[in-house]
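The values are calculated or read from the model by the stated rules, or taken from the named source; none is laboratory data. Given the structure is predicted, the values throughout are model-derived calculations rather than measurements. Surface areas here come from the heavy atoms of the whole protein model, side chains and all, with no ligands, DNA or RNA. Shrake-Rupley method; radii C 1.70, N 1.55, O 1.52, S 1.80 Å.
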Amino acid sequence: MLGGDIRRRKDLGLFFTPEWVVDFMVGLVPEEVFLWGEPIAVLEPACGLAQFLTKIMHKIKTKNPNKKAK
């Protein structure tokens with residue numbers, strides 16, 4: 001359904017944030033935020049596929065390869 005007809009998705013009320021928008025917005029976050037330290041809160045503005053949460057978590061893991069989440 002994600003890659004389906006745009007009209008059908010619109011009729012169903014399905015809207016998805018383009019990946020380039022997610023990448024751009026996550027790129028606006030200062031790099032030091034992704035270094036493991038104090039806990040951070042992340043707002044998922046789209047509340048759909050958790051694209052922002054997934055991208056942020058991937059970036060945190062990339063910046064801190066030897067750390068484990070609690």
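Counting only protein heavy atoms and a 1.4 Å probe, the chain has 84 square angstrom of accessible area per residue. Surface composition of region 8-65: carbon plus sulfur atoms contribute 64% of the solvent-accessible area (1.4 Å probe, protein chains only, all chains present). Altogether, the Stokes-Einstein calculation at 37 °C and 0.692 mPa s, with the Kirkwood radius of the chain over Cα pairs as Rh, returns a diffusion coefficient of 236 µm²/s.
Backbone phi angles across region 16-21, fed through the Karplus curve with coefficients 6.51, -1.76 and 1.60 (θ = phi - 60°), yield HN-Hα couplings of 10, 6, x, 4, 5, 5 Hz in residue order; Gly and Pro are listed as x.
Here the Karplus curve 6.51 cos²θ - 1.76 cosθ + 1.60, taken at θ = phi - 60°, turns the phi angles of region 24-39 into couplings of 4, 5, 5, x, 6, 6, x, 4, 5, 5, 7, 6, 5, x, 5, x Hz, with x standing for Gly and Pro.
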